[in-house]
Each structure stands twice: as C-alpha cells, then as structure tokens.
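Everything below concerns the one structure shown next.
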Amino acid sequence: MKRFEYSRADVPEQAAISANVKDASFIAGGTNLLDLMKLEIETPIKLVDITRLALEQVETTADGGLRIGTLVTNSDLAAHPKVIANYPVLSRAILAGATGQLRNKATTGGNFLQRTRCYYFYQTDSACNKREPGTGCPAINGENRTLAILGTSDACIAQHPSDMAVAMRLLDATIETVKADGSTRAINVKDFYCLPKDTPHIENVLEAGELITHVVLPAPVKGIHTYDKVRDRASYAFALVSCAAVIDVDDSGNLNTVRLAFGGIGTEPWRNEAVETLLTDTDGNSEVISQAADLLLNDAKGNGQNDFKIPLTRRLLKQVIQRAIAGEGAQSCH
C-alpha cells in the first residue's frame, strides 16, 4: 500500500474542502476502498475520514418520505422500522448483499460508490479502461460471465455491483451533496451514474471534493415489494441478475402500478420506464410480459459467456410479475 496523508473532518463542508485535491478520497466504512488500496487499484494521496460527521440519522420528511444520513450503515438502514414498514424492497435489497459483518461497516453513501467486480479491473497486470483509460477492455473477448449486457460500450462492459442502489433507483431516491465551495445540490439517482461510452473511468457526476451527505426517499409507494437476486451461491455473491419491484395489483388482478429496476445486467442500476408503462393497466398475461421483456432487452448485447443473462432476465421478469399477481411479497403501508 502506498503512503498517503490522513485527516479527519468534523463538519461536511470541512470534509469537502479537505478532499478537494487531486487523488483524494473520503473514507467511512472502507469496505471496498481498503481492498482497492491494498491492491494499488486506487492510490489516493489523501484520505479524509468522515466518520465523525453527524450524518447517522434517519429522519421523516414533510411529505412522509425519509432522509437518510450518508453514514447510516447498511445494517441499520435495513433494520430501520420505517424502512421495513414502508420500503421493504430496500430492506430486502440491502440484506441480499455482502455479509452481516460488511453490512455493519458499509455506509449508505459509500454503497452508491462501490466499484465493479470485473475480473480485469482487479487484475492489475491486465489492461482495463476503467482502471487505466486507453489500455483496452480484455473482458469483451475474455472472462465476462458476470458482466453487463445493457449500457455497455466498446470501451467497457463492467457491471454495477450494488444491490442497494438498484432499490434506490426503483424508489426514485435523491442524493444530496455538499461541494468544496460550500454549495449543495440534489441529484436524482437516475442522473447520478454515467454510462461508460468512451470514458468508463468516469462513473458518476460527483466533482472533486463533493461529498454525499444524505439520501432522500419520496413518500412510500403502494404495492407488493420484492427483491429477487439470482446468483451463484446463497450468500456473499454478486447478482448475475436481480430485480427490485413494486407492483400494485387490484382486486381483478390488473396491474395498477409497476416499477422495476434490475441489477447485474447493466453498467448502472437499470430501469426502463417504458417497460413499466407497457405493463401498467394490463392483466400481466404472458404475451404482455414477453413484449415487456423484448423492450427491456432490445439493446442487450452478450459477449459470449454472459449471453445466458438475456434469457435469464426474461424468466426473472415473468416470475416477478406472476408472483405479484398471486399476491406474493411484502405489502407496503400506504
């Protein structure tokens, strides 16, 4: 591990100023960053410790939503009574990720920023456009079984790893930040991530020194909440395909509200609102589900080993819709 400067911040503005230098990083739980530093994939010259900031609260907003501090751990968020009662899809998504020990340390803000688990990204003697821009993407013709089929480019096919972020995308969360100049901004999750295109090393819209302070959830969405995760083993494995869903079904079995977000298949948490519109106000029959899957996967591109993700996603979508119609899942309070 390379030498680095270390400092602690007492308020968010101080943290943003301290980190507003080239190759500086914030550290909270460190569950991903420390591994990357040990492998010299990330080599920050400065670490700004934000664990002293007063950002560990979950508060109710005026419209009935939640405002979550960036330092709220994954374990605490998943177990929070209001999350369990009103946003069970979020609780389920968090609990599907990592292990209990990691969730005890991993933070809400940090979860949004975790890096891909592409083999070549972690193999430092290999080319990788995300790690070293311009060196190439050997995954395209190499080991790509776990990698993305949507949102990819000729420069990168690395998948986004987070489970929590998939549920946050589904729920239309907003990320609040503070910059080094003291200004703040609110970023909808749908606008937070960057597709790889020809700059896969640029993964989100944060500026140098910009610190995530809170994540805001809008008022709860009525419906059946589910999170399905298909993976190689039952725990401590990243999604091959996952689906976060909130589906409201009326007494006649028609779909009044459909929200779907997918993990494991995209270079970012993947949501296609046109798919949801197609399914809404239907009875969720096989023909409609097939059309929805066609629309979702219209631009999907496998690279050999990950071709199976396309039919697997189709089957998972069908399962999610049919189970919701059958009334299986967690019913939100509304």
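The values are calculated or read from the model by the stated rules, or taken from the named source; none is laboratory data. All values derive from a computational prediction rather than experimental measurement. All Cβ positions, glycine included, derive from the backbone under ideal geometry; neighbour counts span all protein chains shown. Note: areas computed on protein heavy atoms with side chains; ligands, DNA, RNA excluded. Shrake-Rupley method; radii C 1.70, N 1.55, O 1.52, S 1.80 Å.
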* Among the residues of the stretch 241-260, which ones are under 29 Å from ALA158 (Cβ atoms) and open to solvent by 10 Å² or more (accessible area, probe 1.4 Å)? -> ARG259
* Note down all Cβ pairs under 7 Å where the first residue falls in the stretch 299-317 and is closer than 24 Å to PRO138 by Cβ, the second is open to solvent by 30 Å² or more (accessible area, probe 1.4 Å) and in a loop (DSSP other than H, G, I, E, B), and they're at least six residues apart or on different chains. => LYS301/THR152; GLN305/GLU143; GLN305/ARG145; ASN306/ARG145
* Counted residues, the stretch 31-79 - those being polar (S, T, N, Q) and without any contact (Cβ under 8 Å) to a residue 12 or more places away in the chain -> 0
* Unmet criterion (only one of (1) more than 24 Å from ALA245 (Cα to Cα); (2) in a helix (DSSP H, G or I)) for ASP125 -> (2)
* Pick from the stretch 290-332, criterion more than 18 Å from ARG259 (Cβ to Cβ) and open to solvent by less than 10 Å² (accessible area, probe 1.4 Å), ranking: nearest to the chain's Cα centre (by Cα) -> LYS309
* Structure fact -> Note on the stretch 131-160: residues surrounded by fewer than 24 Cβ atoms within 10 Å (Cβ to Cβ), out of contact with any Leu (no Cβ under 9 Å at 6 or more places or on another chain) and under 21 Å from ASN111 (Cα atoms) are ARG131
* Only one of (1) farther than 30 Å from LEU102 by Cα; (2) surrounded by fewer than 16 Cβ atoms within 10 Å (Cβ to Cβ) is not met by ALA234, so which one is it? -> (1)
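Every residue, every condition in (1) assigned to a loop (DSSP other than H, G, I, E, B); (2) modelled with pLDDT under 95; (3) over 15 Å from GLY110 (Cα atoms); (4) more than 24 Å from the chain's Cα centre (by Cα), yes or no:
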{"position": "ASP10", "(1), (2), (3), (4)": "yes, no, yes, yes"}
{"position": "LYS22", "(1), (2), (3), (4)": "yes, yes, yes, yes"}
{"position": "GLY30", "(1), (2), (3), (4)": "yes, no, no, no"}
{"position": "LEU36", "(1), (2), (3), (4)": "no, no, no, no"}
{"position": "THR43", "(1), (2), (3), (4)": "yes, no, yes, no"}
{"position": "LEU47", "(1), (2), (3), (4)": "no, no, no, no"}
* Structure fact -> When every residue in the stretch 77-100 that is small (Gly, Ala, Ser) and within 18 Å of ASP228 (Cβ to Cβ) is compared, the one surrounded by the most Cβ atoms within 10 Å (Cβ to Cβ) is ALA93
* Structure fact -> Of the residues in the stretch 278-289 that are open to solvent by 20 Å² or more (accessible area, probe 1.4 Å) and in contact (Cβ under 8 Å) with a residue 12 or more places away in the chain, the one that is nearest to LYS197 (Cα to Cα) is LEU278
* Looking only at the stretch 66-82, and only at residues there that are outside any helix (DSSP H, G or I) and among the aliphatic types (A, V, I, L, M), the one that is nearest to PRO220 (Cα to Cα) -> LEU66
* Structure fact -> Pairs returned, first residue in the stretch 155-168 that is within 14 Å of ALA244 (Cα to Cα), second residue that is open to solvent by less than 10 Å² (accessible area, probe 1.4 Å) and of a type in the set (Phe, Trp, Tyr), beta-carbon separation under 9 angstrom, 6 or more apart or interchain, are SER162/PHE112; MET164/PHE112; ALA165/PHE112; ALA165/PHE192; VAL166/PHE262; ALA167/TYR87; MET168/PHE112
* Asked: Which condition number in (1) farther than 24 Å from ASP172 by Cβ; (2) open to solvent by 80 Å² or more (accessible area, probe 1.4 Å) is the one that GLN57 fails?
  -> (1)
* Structure fact -> With the first residue restricted to the stretch 1-30 and required to be in contact (Cβ under 8 Å) with a residue 24 or more places away in the chain and more than 11 Å from LEU47 (Cα to Cα), and the second required to be part of a helix (DSSP H, G or I) and open to solvent by less than 30 Å² (accessible area, probe 1.4 Å), Cβ contacts under 6 Å at 6 or more apart or on different chains are MET1/MET37
